[in-house]
Amino acid sequence: MCTREIDKRDIVRVVTANNFLKATGLEDISLKARKLLYLAIAQCKKEDTQFYEYSISAIDFANLMNIVPQAVYQEADALTDELMHGFIKYIPEGKKGFVKFALFDKCTYMDGKLTFRMSKDMTPILINLKKDFTQPLLSDFMHMRSNFSIVIWHLMQREMKSRKTGVTDVAEFELTLEELRSATGTTDKFERLSQFKAKVLDKAIDEIQSNCGVLITYTNIKHGRTVTGFHFTAKSLYYINEQDIPYSLRQHVAEVRQRLGERS
C-alpha cells in the first residue's frame, strides 16, 4: 500500500461529516490523542476512495504535539494505544440503532517515523462526502490546550459553514445546551450551569479567541426559567462596523474589489 507523507500546512482542513460531531466514544480520549486523530483525518482528500497509510518523522511529530524529542517514542506508543483501542459510535441519519467502529487499523514506529492508517469503517463519515460536512482548519486545533475547546470550536465551525468572520462581517448561531454537553462528554459533569460555563464554555471561548482570532460572545436561551441553549455572536478580533467607515472609503473598497473580481 502507498504511504503518504503527512501534510501539515496551515491550509489543511479537518473534513468530517456532521454525524461525526454527534458521535460518542471520544469523550475520554486524551488531548494529544485527539490531535493525532484530527491530524489523520485532515490527510483525507476529496477524491480519495480509501484510507492510506500516512507517515510523519519523529521530529515533526514532536513539534506538532509539543513533545520533547527524548519522549517521542513513549508518547507515540501511548497515543497510538489510545487510538488503536478507541472507538466511535454514531447513529446514521434517519436510522434507528447505532454503528460502532474502531478508529485506527494500524500503527507502526520504525526508523524514526510514525506510520498509521485509519479504520476503513470510518469511510462513511470521512471520505467522499458530498453534503452535510464541516471543514475547519487543522491549525486551529493543534495549539489548543483542551478537548472542550476543540469540540466546541468544531461545533461552531459547523454553524459558521467552516468560515471565519472577516473584518466587517458577523456570524450568529445557536447551540443547545444538550448538544454542547453531549459533544463535550459533560452530560453528568458540572451539573450546575454556572459550573459548565466556568469550566467548559467560557474557557473554550477564551482559547478560540487566542488560537483562531475569533471573538465569541453569547446570551442564554431560556424555556421558561430554564436555560436550554445559547445564542452566539462571532466577530473577528479586528472587527470594524462597516457603518463606521466613511462612505467614500467604502465606495473605494467596493471598486477595488470589483476590479480584482474582474481580473480573476
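Numbers below:
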read-out	value
Between 0 and 90°, nearest 10: helix 202-212 axis offset from the chain longest Cα axis	90
For the chain, accessible area per residue (1.4 Å probe, heavy atoms of protein chains only), Å²	56
Kirkwood-based shape ratio for the chain, expressed as Rg/Rh from alpha carbons	1.01
Estimated FRET transfer efficiency when R0 is 45 angstrom, pair Phe98-Asn241 (beta carbons, to 0.05)	0.45
With Cα atoms, 0 to 90° folded angle of helix 247-263 axis to the chain main axis	40
Packing rank of 47-53, 80-86, where each peptide gets the mean count of other beta carbons within 10 Å, highest leading	80-86, 47-53
Surface share of carbon and sulfur [accessible, 1.4 angstrom probe, percent] for the chain	50
Inter-centroid distance (Cα atoms) of the range 123-200 relative to the range 69-116, Å	21
Projected-area mean, the range 1-124, by convex hull of Cα positions, square nanometres	8.0
Relative packing of peptides 124-133, 144-153, 210-219 - highest average C-beta neighbours within 10 Å first	144-153, 210-219, 124-133
Estimated FRET transfer efficiency (Leu31, Val170; beta-carbon r; R0 30 Å; 0.05)	0.50
Rounded tilt (10° steps) of 147-159 against the dominant C-alpha axis of the chain	50
In Å², nearest 10: area of Cys107 left accessible to a 1.4 Å probe	40
Among Ala62, Ala71, Ala33, residue whose mean-square fluctuation peaks in a GNM of the chain (springs only between Cα atoms under 10 Å)	Ala71
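The values are calculated or read from the model by the stated rules, or taken from the named source; none is laboratory data. None of the values given here were measured: they were computed from a predicted structure. Every residue, glycine among them, receives a Cβ derived from its backbone with ideal geometry; neighbour counts consider all protein chains shown. These accessible areas exclude ligands, DNA and RNA; they are computed on the full protein's heavy atoms, side chains included. Shrake-Rupley method; radii C 1.70, N 1.55, O 1.52, S 1.80 Å.
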